[in-house]
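The values are calculated or read from the model by the stated rules, or taken from the named source; none is laboratory data. Computed from a prediction, not measured in an experiment: that's the story for all the values here. Every residue, glycine among them, receives a Cβ derived from its backbone with ideal geometry; neighbour counts consider all protein chains shown. The accessibility values were calculated without ligands, DNA or RNA, using every heavy atom of the protein model including side chains. Shrake-Rupley method; radii C 1.70, N 1.55, O 1.52, S 1.80 Å.
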Amino acid sequence: MSDFNSFVIEKINQVTLIPEEAEDMWHTYNLLQVGDSLRASTIRKVQTESSTGSVGSSRVRTTLTLCVETIDFDSQACQLRVKGTNIQENQYVKMGAYHTIELELNRNFTLAKKVWDSVVLDRIEQACDPAQKADVAAVVMQEGLANLVLVTPAMTLLRAKVEVTIPRKRKGSCAQHDKALERFYEAVMQGILRHFNFDVVKCILVASPGFVKDQFISYLFKEAVRQDCKILLENRSKFMVVHSSSGHKYSLKEVLCDPAVTARLSDTKAAGEVKALEDFYKMLQQEPDRAFYGLAHVERASEALAVDILLISDQLFRHQEIATRSRYVRLVDNVKENGGNVRIFSSLHVSGEQLNQLSGVAAILRFPIADVSEAEEDSSSDED
């Protein structure tokens, strides 16, 4: 998104933003709520009647203001569609008519809300911070399978999946196996060159079980020398080899937990989320009276001023009931006011997916507090 200096705040209850890259659509998805007002450029099919009475249709670009009713986000394509009723009549669309706007990169939109809470404002600040970019890439692989992903502050994006059948080695002949493996490594190499922007990415993690990662790195830079691929040779220091249990995307979580990786990526949001979740699970095992999860339990801990670190999923703030959403916002505000740290996890990170299994909210406490098991019934009913 454009930074704060290029915001156009026309009224106290609205803001104009310009999405500049795919990740900005995810931020926008998290900003939008049913009942908001969205004004943006769009294409509308209109019917026209000529002087002779013949009817035709054409597509025209116009600007509409919708009262938001449904929000649809495609996480793989990073496309955002918003459907609602027109609340400002123009020459093509009547008041109350339905329309779907697909927000476009580098075209501004204006968002109006009745209430701008702290979570929404923090999201805008994060989206407009130029330092918050996709600075980590990863190749999680095993023989015949590789997942190429970008880890941004807000989401984990699968950019390519490479699959090549590798025949087993046979006694006295490894030729078929070796040729297939070379084709596989070449496809992964081309995927890296096509999908990773070396001007932005600061670190590329190459992870696998066994020696696949080492053999691939050896192949990659031998080929880079042979082909005089300067972009790979100049960025060799950005590659980091790490162990993983498999080549599947879910293994990225264990890769980000590796102490060597954590140290190198200490300033990235994704690594911080993974470490916070690991700290929570350690506390749950060692001192369970200082590790709470579930809304009612964590609220009780917050009321006792005991929350040191709050872990909460961004998925909870997309709740369409205002009262329920306000409850989560109030929890975040209370923890901050009492000196606690708040980590809002992206539901498109592997750590966010895991936090959602704990009802989306957990806390590490400064000190043990009285048992709150009587709140379980309230917690389960609230989370339903």
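Laid out as a table, the results:
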| quantity | calculated |
| --- | --- |
| Cβ-placed point charges (K, R +1; D, E -1), dipole of the chain about Cα centre in debye, nearest 20 | 1780 debye |
| Net +/- balance of residues flanking residue 320 in space, Cβ distance below 12 Å, scoring K and R +1, D and E -1 | -1 |
| The stretch 14-128: radius of gyration and largest Cα-Cα distance (Dmax), Å | 15.7, 58 |
| Å² of accessible area per residue within the stretch 19-93, as computed with a 1.4 Å probe and no ligands counted | 50 Å² |
| Rounded Å value of the spacing that divides the Cα centres of the stretch 152-171 and the stretch 285-358 | 34 Å |
| Rounded accessible area of residue 243 (nearest 10 Å², 1.4 Å probe) | 100 Å² |
| Per-residue SASA entry for residue 308, accessible area with 1.4 Å probe, Å² rounded to 10 | 50 Å² |
| Cα-based reach from residue 230 at 16 Å (exclusive), listing lysines while leaving out same-chain residues under 8 positions away | 222, 238 |
| Amide H contacts of residue 103 (H built 1.01 Å from N, under 5 Å, at least 5 apart or other chain) | 80, 82 |
| Surface accessible to a 1.4 Å probe, per residue, for the residues of the stretch 287-368, Å² | 42 Å² |
| Residue among 43, 18, 344 with the largest mean-square fluctuation in a Gaussian network model of the chain, springs linking Cα atoms under 10 Å | 43 |
| Carbon and sulfur %, accessible surface of the stretch 14-128 computed with the full protein complex present, 1.4 Å | 45 percent |
| Packing-based ranking, highest mean first, of 196-205, 88-97 given that Cβ atoms within 10 Å are counted | 196-205, 88-97 |
| Computed helical MRE - 222 nm, the chain, DSSP H runs ≥ 4 contributing -39500 (n - 2.57), nearest 500 | -10500 deg cm²/dmol |
| Taking the C-alpha atoms of the chain, convex hull volume expressed per residue in Å³ | 207 Å³ |
| Listed peptides 347-359, 61-73 by packing density, highest first (mean Cβ within 10 Å) | 347-359, 61-73 |
| Calculated from backbone phi, Karplus (6.51, -1.76, 1.60) coupling profile of the stretch 98-109 in Hz, x at Gly/Pro | 7, 7, 10, 9, 9, 5, 10, 5, 6, 10, 6, 9 |
| The stretch 310-367 - percent of accessible surface contributed by carbon and sulfur, probe 1.4 Å | 46 percent |
| Candidate lysines for bridging to residue 249, where Cα separation is under 17 Å - those fewer than 8 sequence places away on the same chain excluded | 161, 213 |
| Å² of accessible area per residue within the stretch 176-241, as computed with a 1.4 Å probe and no ligands counted | 53 Å² |
| Those lysines that a straight Cα-Cα span of less than 23 Å connects to residue 113, excepting residues fewer than 8 apart in one chain | 11, 83, 94 |
| For residue 203, residues with placed amide H under 5 Å, excluding near neighbours | 137 |
| Summed residue charge, Cβ within 11 Å of residue 362's Cβ, Lys/Arg positive, Asp/Glu negative | 0 |
| Accessible surface ranking that places the most exposed of 75, 251 first, with a 1.4 angstrom probe | 75, 251 |
| Carbon plus sulfur fraction of accessible area for the stretch 208-260, probe 1.4 Å, in percent | 57 percent |
